[in-house]
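Inspection log for the structure reproduced underneath, given as structure tokens.
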């Protein structure tokens, strides 16, 4: 076997995995811009006030498909449709309240990051405070009970006190005998 053939095999063993990784990175880097250049909605408005309203509504409304992303932050198809719908309604002169009511009728309270205050959402709004207050009352009750137990003097009858004194005396004699080590 020639020396050139042996060197070629050594090169293949050492550098082929590295070359494979570089090839994969090259393919990924070519495909990556395609995902980052996804279509961006561009809406034209007649006034800057309409554009501000659109941005505010798009930030306040939740994407039903993405669940924890606003309409403005979502790239989902449903979010695109809803942004288009919000734009259309703003251009038709609908108020923010009318747009929110339309979205509420279509998607329910879930569409709002801040659900409306009504009987069905009371636990959602005040639940954390309620649970905090319940926890505080329980903690205060445990603390008072523990404080009351510590404040009470221990009652020992005379027979038990005699046994305690005898055990202490016996322990004292045993302890005195162990000090001569």
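Here are the numbers for the structure shown:
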item	result
Per-region count, the range 151-166, residues in a helix (DSSP H, G or I) and surrounded by 10 or more Cβ atoms within 10 Å (Cβ to Cβ)	7
Cβ pairs under 8 Å, 6+ apart, first in the range 95-121 and farther than 16 Å from residue 59 by Cβ and not assigned by TED's automatic domain parsing to the domain that holds residue 54, second at pLDDT 90 or above and in a loop (DSSP other than H, G, I, E, B)	none
Flag if residue 116 is assigned to a loop (DSSP other than H, G, I, E, B) and surrounded by 11 or more Cβ atoms within 10 Å (Cβ to Cβ)	yes
Within the range 76-105, tally of residues that are surrounded by 14 or more Cβ atoms within 10 Å (Cβ to Cβ) and part of a loop (DSSP other than H, G, I, E, B)	2
Pair list, Cβ < 8 Å and 6+ apart or interchain, from the range 136-150 residues that are part of a helix (DSSP H, G or I) to residues that are modelled with pLDDT under 90 and surrounded by fewer than 10 Cβ atoms within 10 Å (Cβ to Cβ)	none
Test: residue 84 is closer than 17 Å to residue 111 by Cα, touching a residue at least 24 places away in the same chain (Cβ under 8 Å) and out of contact with any helix residue (DSSP H, G or I) (no Cβ under 9 Å at 6 or more places or on another chain)	yes
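The values are calculated or read from the model by the stated rules, or taken from the named source; none is laboratory data. Nothing here was measured: the structure is a model prediction, and the numbers come from that model. For neighbour counting, all protein chains shown are included, and Cβ atoms are generated from backbone atoms with ideal geometry for every residue, glycine included.
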